[in-house]
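The structure appears below as structure tokens.
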């Protein structure tokens with residue numbers, strides 16, 4: 001395995017201290033409502049989020065941040081695209097934690113930025129392969145959503161890993177599309193997911209921050 005892939009494995013590991021485990025991306029509300037209730041519905045929501053929601057959007061932002069790491073407009077765009085206060089907090093808090101940890105452990109100094117922008121900038125600074133960075137970012141994103149579902153539905157760990165395995169081809173396809181996509185192609189069509197994220201802000205009982 002190359003040093004570049006080892007670096008990406010470290011940065012996008014569940015153990016990297018960005019607090020990903022504390023965010024459900026609105027899935028907690030969808031589970032409370034019964035829209036996500038088993039392995040099949042969880043897989044469908046994660047797949048739609050990757051292909052039509054924040055997964056694809058984040059991947060395109062990451063790619064353009066990699067190619068233009070000094071473009072502050074990308075960070076502003078990432079903030080503007082967050083559809084709810086909690087989703088904005090999610091991307092900004094994870095991005096700030098990623099930037100601080102990466103600067104301290106790997107260098108060079110990094111300014112806080114929304115999560116996909118921060119990852120794209122860091123990968124560019126370290127000369128990491130863009131396609132692998134996008135794919136592993138999306139894999140980590142999907143795996144974290146599955147983990148939230150495993151804990152909340154609840155669902156067995158083996159069933160959860162089966163979902164992650166089946167999503168592999170979609171992760172690769174969305175990453176490849178993002179690498180070739182102009183910034184104007186960015187956008188989301190995950191209306192129910194965005195509404196769930198908004199409603200989570202007033203959910204009475206919740207375990208996750210988003």
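The values are calculated or read from the model by the stated rules, or taken from the named source; none is laboratory data. Values in this document were obtained by computation on a predicted structure and should not be read as measured data. For neighbour counting, all protein chains shown are included, and Cβ atoms are generated from backbone atoms with ideal geometry for every residue, glycine included.
What the table shows:
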| quantity | calculated |
| --- | --- |
| Test for residue 75: is it over 12 Å from the mean Cα position of the chain (by Cα) and farther than 21 Å from residue 13 by Cβ | yes |
| Some residue of the stretch 106-127 being within 22 Å of residue 177 (Cβ to Cβ) and surrounded by fewer than 22 Cβ atoms within 10 Å (Cβ to Cβ) | yes |
| Residue ID - surrounded by the most Cβ atoms within 10 Å (Cβ to Cβ), chosen from residues in the stretch 22-44 that are under 21 Å from residue 189 (Cβ atoms) and within 14 Å of the chain's Cα centre (by Cα) | 26 |
| Identity of the residue in the stretch 163-183, under 14 Å from residue 43 (Cα atoms) and touching a helix residue (DSSP H, G or I) at 6+ places or on another chain (Cβ under 7 Å), that ends up surrounded by the most Cβ atoms within 10 Å (Cβ to Cβ) | 171 |
| Within the stretch 162-189, tally of residues that are more than 23 Å from residue 81 (Cα to Cα) and in contact (Cβ under 8 Å) with a residue 60 or more places away in the chain | 4 |
| Test: residue in the stretch 154-161 that is assigned to a helix (DSSP H, G or I), in contact (Cβ under 8 Å) with a residue 24 or more places away in the chain and surrounded by fewer than 14 Cβ atoms within 10 Å (Cβ to Cβ) | no |
| Flag for residue 111 being free of Cβ contacts under 8 Å to residues at least 24 places away in the same chain, closer than 20 Å to residue 59 by Cα and either under 15 Å from the mean Cα position of the chain (by Cα) or not in a helix (DSSP H, G or I) (or both) | yes |
| Residues satisfying the stated conditions in the stretch 184-200, i.e. within 29 Å of residue 128 (Cβ to Cβ) and exposed (fewer than 15 other Cβ atoms within 10 Å of the Cβ) | 184, 185, 187 |
| Lone qualifier among 59, 10, 82 - being farther than 18 Å from residue 111 by Cβ, at pLDDT 95 or above, within 16 Å of the chain's Cα centre (by Cα) and exposed (fewer than 15 other Cβ atoms within 10 Å of the Cβ) | 10 |
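Quick grid of which residues meet (1) at pLDDT 95 or above; (2) within 15 Å of the chain's Cα centre (by Cα):
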{"residue": "142", "(1), (2)": "yes, yes"}
{"residue": "146", "(1), (2)": "yes, yes"}
{"residue": "151", "(1), (2)": "yes, no"}
{"residue": "189", "(1), (2)": "no, no"}
{"residue": "195", "(1), (2)": "yes, no"}
